[in-house]
Amino acid sequence: MTGVWVALDGDDLLTAHLNPHLRKLENVRRDPRVAISFEGSEIRPPGLLEYLVVHGRATIEEGGAAELLQEMAHVYLGPDVRFPKMDNPPSGVRMRIAVERVSGVGPWAD
């Protein structure tokens, strides 16, 4: 399990990776089934912290990682943040996840 920033593109989820040879990406190339979990901040009955699990199928798209990371940095870190903090970052890859089902504890489960 690793932490990633996630963006929405229509009904798909996107993640960005500057290094296209990461283990998680190699795993997706071998088997496209993925699950992403999100932790919330509210306590829900029966006393659990809300969470969302998204199951889907991922594809790897060449390029666009640096631009997507910059967009997400404005959401996750602030409007004036430059990310990645390097000149001419590699183009990397984007992982697109087509959502197949969701589960968890929260308003989406009602």
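What separates the Cα centres of region 11-61 and region 90-110 is a distance of 6 Å. The 3J(HN,Hα) values that the Karplus relation (6.51, -1.76, 1.60; θ = phi - 60°) gives for region 80-90 are, in residue order, 9, 7, 9, 8, x, 7, 8, 7, 6, x, x Hz. Gly and Pro appear as x. Distances between placed amide hydrogens fall under 5 Å for Asp12 paired with no residue 5 or more residues away or on another chain. Taking every alpha-carbon pair under 8 Å whose residues sit at least 6 apart, the chain reaches a relative contact order of 36 percent.
Placing unit charges on the Cβ atoms only, positive for Lys and Arg and negative for Asp and Glu, gives region 7-109 a dipole magnitude near 400 debye about its Cα centre.
Ranked by Cβ crowding within 10 angstrom, fewest neighbours first, how are Lys85, Lys24 ordered?
Working: Lys85 8, Lys24 15.
In order of increasing Cβ crowding within 10 Å: Lys85, Lys24.
Compactness of region 13-110 is given as radius of gyration and Dmax, 15.9, 49 Å, from Cα positions.
Among Arg94, Arg82, rank each residue by its count of other Cβ atoms within 10 Å, from fewest to most, as a rough exposure measure.
Details: Arg94 21, Arg82 10.
Sorted ascending by nearby Cβ count, the order is Arg82, Arg94.
Counting other Cβ atoms within 10 Å as a rough exposure proxy, the listed residues Arg33, Arg44 run Arg33, Arg44 from fewest neighbours to most.
Largest GNM mean-square fluctuation across Gly92, Gly64, Gly40, computed for the chain with C-alpha springs under 10 Å, falls on Gly40.
None of the figures in this text is laboratory data; all of them are computed from the coordinates on show. From a predicted model like this one, the values you see are computed outputs, not experimental measurements. So basically every Cβ, Gly included, is an ideal-geometry build from the backbone, and we count neighbours across all protein chains shown.
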